[in-house]
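Handing you this structure, nothing more for now.
Please treat every number below as a calculation from the coordinates, not as lab data. Worth saying up front: this structure is predicted, and the values here are computed from it rather than measured. FYI the Cβ positions are ideal-geometry reconstructions off the backbone, even for glycines, and counts take in every protein chain you see.
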Amino acid sequence: MKKIITRFAPSPTGYIHIGNVRSAIYPYLAARQSGGTFILRIEDTDQARYVKGATELIMDTLKWLGLEWDEGPEIGGPHAPYFQTERKDLYLEWAKKLIADGRAYADPTDPNTIQSYRDEDNAKKVPYLYRNHRPENSPEWQPGMPIRFKSDPKPRKWHDEVMGNLSAGPEVQDDIVLIKKDGLPTYNFAHIVDDFLMNVNMVARGVEYLSSTPNYLALYEAFGIEQPLLVSLPHILAPQGNKKLGKRDGAKSVTEYRDDGVLPEAMLNYLACLGWNDGTEQEIYTKSELIEKFSLDRIQNSGARYDEVKLLWMNGQWIRKLVDEQGIDAFYERTVSFWPKSAKSYDDSYKKRVLAIIYDRLKTLSDLREMTGYFFEDPKFDIEQLLTNKFVKKLSEQELASLLETVTAKLSSIDDWSEENLKNALNELLKTTGKKPAELFSLIRISVSFAPFSPALDLTLNVLGKEVTMSRLGKVKNALLLDQQ
RNA sequence: GGUUCCGUCGUCUAGUGGUCUAGGACGUCUGGUUCUCAUCCAGAAAAUCGCGGGUUCGACUCCCGCCGGAAUCACCA
């Protein structure tokens, strides 16, 4: 297999969100699969849109997802620097080469004149193409002057690894700007030069670049450089409508999901499989399985709608998978920042016991905050919750009080507070009281937790411990007795 | 408007001429797992394969037209 050398080349204008991270994931997978190179290059040529700190945010996101780069910021590499603003002179040099070859020209036309060309063409209902207004005599280039490509419009055909065979007419090929007035290159030009210098042989980007591709083809031709593999990645669509998912749709940053307790494994799995599959019915893929099974030509060629519900389902699957495979201790390490405040004073071993009985109902790690409070502090006493429960309300308060009396008597007789003993005691209580599990267990469960739900009763009591259990049951019993007076 | 791309259950998708009375997953609904919530298990509903023509013994699959959706037409990327 040919080694894929590819890159993720974001511009530092903000965070990476669900809608644009796939253009990092797929190239990464292709590079790793082939034993090639994954480059991170920061395209910071638009000074107006530059956002301070965005580069760090981007790197943070890639690291979290496990998309480590082989060359780029922080680690450098044979083609450094990896910030385009630091490569400024290079682009000018290459643009001048084109001028020398008669394939580019310095353009002295002022913006107002350009605008009037555009307006005229629009009024005449002809496509605006700058090459129809190309100045006849272009001056010697000097700083402050843009450089434009001298296009050679002709029908072009090319192959896209996702879209297949594509073609476009001369109408889309124009004298694009190579170097801007400010001396910095446009994306259209800079990426061609950088990709060549960095030996990039695969370019993956969103489908919005499809219509610019003929211009890129013309540049490859003008430089006589080999065209890389071209990969167009369809958009991820917003939950509503048919538009691509963007920040305006409230697309959350990838790291926001991290902070909400989504696992990177699940995020990578979900995103990779949104618009790609290996043709089998497998749903859960590890990173190494993705690397092994990935193929460009199985990327879907239409947009895929983002479905957070499925992401959360997948996160639940991954939580259970990690616990099954690596055990509670290893999984616990990932949860440390997600416990409720009240858990702070408890030691790790207690929290691990809680985790062991609650993990299989987590969708995200942050669910721990909502679901485990009663393990760490006495729950808010709410007798109404007990009395309105659909099973418990069948019994009178007097009956409940005497049931709790029986229960506490039985439970207090247990010396070894083990799961086994608790289970047996609960079963015996069912027999001696003659109550249905729904009635008796609901009474106990609510009395000790006042939570909408909890793990299996014997497990819950076991973790709470004898002292806490007896105290909470006693408190409810007293309240019921008091009520009757 | 020009150019270009896309079009299978609500959603993500399998499907490369017959095995498709269209398979899987999420979601929804039903039942089971001694209480709850979740997991897990079993089952159900859910797609006239955008529409219309062709080619063919036979089309979701090939061709043409149409319709619908999207992208792009910057000294932004």
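How large is ³J(HN,Hα), in whole Hz, for each residue of region A:290-297 in order, when computed from phi with the Karplus curve 6.51 cos²θ - 1.76 cosθ + 1.60 and θ = phi - 60°, using x for Gly and Pro?
The phi angles translate into 4, 4, 5, 9, 4, 8, 4, 6 Hz.
Based on the Cβ-Cβ distance of A:Val468 and A:Thr280, what FRET efficiency does E = 1/(1 + (r/R0)^6) give at R0 = 51 Å, to the nearest 0.05?
0.55
Right, another one. Quick one: angle between helix A:22-33 and the longest Cα principal axis of chain A, in degrees between 0 and 90, rounded to 10, please.
Taking the Cα atoms of chain A, the angle to A:22-33 is about 90 degrees.
List, in the order given, every pair from A:Lys3/A:Lys243; A:Lys390/A:Lys423; A:Lys380/A:Lys410; A:Lys2/A:Lys157; A:Lys3/A:Lys150 whose Cα-Cα distance in the structure shown is over 31 Å.
Violating the 31 Å limit, Cα to Cα: A:Lys3/A:Lys243; A:Lys3/A:Lys150.
Net charge near A:Ile42: determine it from the other residues with C-beta under 14 Å of the C-beta of A:Ile42, scoring Lys and Arg +1 and Asp and Glu -1.
The answer is -3.
Let me check the size of chain A from its C-alpha atoms; what are the radius of gyration and Dmax in Å?
That works out to 32.0, 105 Å for Rg and Dmax.
Express in nm, to one decimal, how much length is gained between A:His133 and A:Glu226 on full extension, taking 0.36 nm for each residue of separation and deducting their alpha carbon distance.
30.5 nm
Between the helical axis of A:397-412 and the dominant principal axis of chain A, each derived from Cα atoms, what acute angle in degrees is found, rounded to the nearest 10?
In chain A, helix A:397-412 runs at an angle near 90 degrees to the longest axis.
In degrees, nearest 10, range 0 to 90: what is the angle between the Cα axis of helix A:419-433 and the longest Cα principal axis of chain A?
Helix A:419-433 and the main axis of chain A meet at about 50 degrees.
Longest exposed-loop-site-free stretch of chain A, with GluC sites (Glu not before Pro), DSSP loop and at most 14 other Cβ within 10 Å?
A:378-485
By the gyration tensor of its Cα atoms, with a ≥ b ≥ c the square roots of the eigenvalues, what is the shape of region A:400-480: rounded for a/c under 1.5, prolate for a/b over b/c, or oblate? Intermediate values should be presented prior to the final figure.
Numbers: a/c = 1.18, a/b = 1.07, b/c = 1.10.
The shape class here is rounded.
Per residue of region A:175-183, in order, report the coupling 6.51 cos²θ - 1.76 cosθ + 1.60 (Karplus, θ = phi - 60°) as ³J(HN,Hα) in whole Hz, putting x for Gly and Pro.
7, 6, 6, 9, 10, 7, 3, 7, x
For the residue pair A:Arg361 and A:Thr113, what label-to-label distance in nm results when each label sits 7 Å from Cα along the Cα-to-beta-carbon direction?
That separation, rounded to one decimal, is 7.4 nm.
Using a Förster distance of 60 Å, how high is the FRET efficiency between A:Thr85 and A:Gln398, based on the Cβ-Cβ distance and rounded to 0.05?
So the FRET efficiency works out to roughly 0.15.
Please work out the Cα center distance from region A:137-160 to region A:196-259, rounded to the nearest Å.
22 Å
If contacts are Cα pairs under 8 angstrom and at least 6 residues apart, what is the relative contact order of region A:254-371 in percent?
Over region A:254-371, the number comes to 33 percent.
Ok, one more. Given contacts defined as C-alpha pairs under 8 Å and at least six residues apart, what's the relative contact order of chain A, whole-number percent?
13 percent
Under the 0.36 nm per residue contour assumption, what length would be gained going from the current alpha-carbon distance of A:Asp46 and A:Glu370 to full extension?
Full-extension gain reported as 112.3 nm.
Further, regarding this structure: In region A:34-110, which trypsin sites (Lys or Arg not before Pro) are in a loop and have at most 11 other Cβ atoms within 10 Å, using DSSP for the loop call?
A:Lys52
Working from the pairwise distances between different alpha carbons, so that the mean of 1/r is found and then inverted, what is region A:76-174's Kirkwood radius in Å?
About 16.4 Å for region A:76-174.
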